[in-house]
């Protein structure tokens, strides 16, 4: 938003800004924030930064956990939810010492290094990503986990089960199971709220392609953003989640990006479209190639598919991720590529036929990921494929332009599948992470921290008895 401190201070005076808020991301992908009065913000803030405890953010791979964050004034925006005029900006993490150095494990720095590495290699001078955000807008969520009581209750006014409610006024128009895709009003009860969300996103530097009701009957929706560069798209992703969640709360609703909040209903993904350009020309188009793809595009796909099991530790880093990625449904679990095939890990959109629109889409990822790490890992896999000319056809990844689940068992066995659990994803990353270390982009310490974090989550969930187990085993 700003190029220098003078522009920022002039803007704050014009808009009568009273407070300055700083947002810093942790390893898991949550924003933390700290706020100071406008009178305390000056050039020293940008030079010296503000101290914090890095271990509380999940960064454990450095000997000293004292760190500072220095705000990036280019990322500033007026917080739409603060009651007093507040300017918010994202902070970059630095190590303390005589000379301040960028913390190599800062997720935002890793995204920055990925873009720099791509440029240094001369592969492309522009990278564009286009994520699709699926999520549920709900009316109630409560949960309890204690030694003698485990319970989750989720409710949605538009869900099929709400048709029978008699305690309060009921006007019908419920969305049936798996029937929410592009549902129109009056069924699409969050339409006006999403319109407000989209306007707020546009006003705060997040261009939107479109939004609509999604397949899941109890309130699943999708907002698709316009394409943008990797680090900027990660910034936009955090803004989107911040604005969507807070706007929902302000309207008496609650939002979840959980991949599988409902058993038997559609899961929520974060499909990521990828494109590369050089000198203004699209690198992924070749009219004579498979589905109009160039060799560079196929090599990028080859890299993404080859490393997809390891990528899951960053693109699908929650135990809940693997409740969505279940074979036999529309979930993309088959490590292959195809045109217009939603059951494959990589899909080439059939409707994107022009040179500028030609791209491929990584479908397994979800929004429990840290976007800086997920997008960077995907790009590093694509770069590795291009550098090493990994041809997906030679590797046996397809193309499979068929319904994979309709194949014979013999044919299905030829297609490898993604990890079935978070622990399997951790094992895959442990065995295959050299491609992430190339160019000094990811660090071994960050990878160790991620492995430690996701394995802790896996153990925490695995040792808790599941309610279904009582039905299955109580009487044995």
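The values are calculated or read from the model by the stated rules, or taken from the named source; none is laboratory data. Just so you know, these numbers come straight off a predicted model, no measurement behind them. Neighbour counts are summed over all protein chains in view; Cβ atoms, including those assigned to glycine, are modelled from backbone coordinates with ideal geometry.
Count, please, the residues in the range 174-222 that happen to be surrounded by fewer than 20 Cβ atoms within 10 Å (Cβ to Cβ) and either within 13 Å of residue 157 (Cβ to Cβ) or not assigned by TED's automatic domain parsing to the domain that holds residue 134 (or both).
4
Condition (residue is touching a helix residue (DSSP H, G or I) at 6+ places or on another chain (Cβ under 8 Å) and at pLDDT 95 or above) applied to the range 189-196: is it met by at least one residue?
Yes, that holds for at least one residue.
Scan the range 445-461 for residues that are in contact (Cβ under 8 Å) with a residue 40 or more places away in the chain and touching a helix residue (DSSP H, G or I) at 6+ places or on another chain (Cβ under 9 Å) and jot them down. Full working, then the answer.
To start, the set of residues in the range 445-461 that are in contact (Cβ under 8 Å) with a residue 40 or more places away in the chain comprises 445-446, 448-454, 457-458, 461.
Result: 446, 450, 451, 454, 457, 458, 461.
Given the conditions (1) modelled with pLDDT under 95; (2) crowded, with 23+ Cβ neighbours inside 10 Å; (3) within 18 Å of the chain's Cα centre (by Cα), which single one is not true for residue 304?
Condition not satisfied by residue 304: (1).
Output yes when any residue across the range 236-245 is crowded, with 20+ Cβ neighbours inside 10 Å and closer than 22 Å to residue 357 by Cβ, and no when none is.
yes
Does the range 230-237 contain any residue that is assigned to a loop (DSSP other than H, G, I, E, B) and either out of contact with any strand residue (DSSP E or B) (no Cβ under 8 Å at 6 or more places or on another chain) or modelled with pLDDT of 95 or more (or both)?
No: the range 230-237 contains no residue that is assigned to a loop (DSSP other than H, G, I, E, B) and either out of contact with any strand residue (DSSP E or B) (no Cβ under 8 Å at 6 or more places or on another chain) or modelled with pLDDT of 95 or more (or both).
Out of 356, 410, 361, which single residue is surrounded by fewer than 17 Cβ atoms within 10 Å (Cβ to Cβ), in the same structural domain as residue 268 (by TED's automatic domain parsing) and either outside any loop (DSSP other than H, G, I, E, B) or out of contact with any strand residue (DSSP E or B) (no Cβ under 6 Å at 6 or more places or on another chain) (or both)?
It is 410.
Yes/no per residue for (1) over 23 Å from the mean Cα position of the chain (by Cα); (2) touching a residue at least 60 places away in the same chain (Cβ under 8 Å):
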site	(1), (2)
51	yes, no
54	no, no
67	yes, no
77	no, yes
111	no, yes
122	yes, no
130	no, yes
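Please state which one of 419, 399 is under 23 Å from residue 342 (Cβ atoms), in contact with a strand residue (DSSP E or B) (Cβ under 9 Å, 6 or more places away or on another chain), touching a residue at least 60 places away in the same chain (Cβ under 8 Å) and part of a loop (DSSP other than H, G, I, E, B).
Answer to the check: 399.
Give me a count of the residues in the range 92-108 that are touching a residue at least 12 places away in the same chain (Cβ under 8 Å) and part of a strand (DSSP E or B).
Qualifying residue count for the region: 4.
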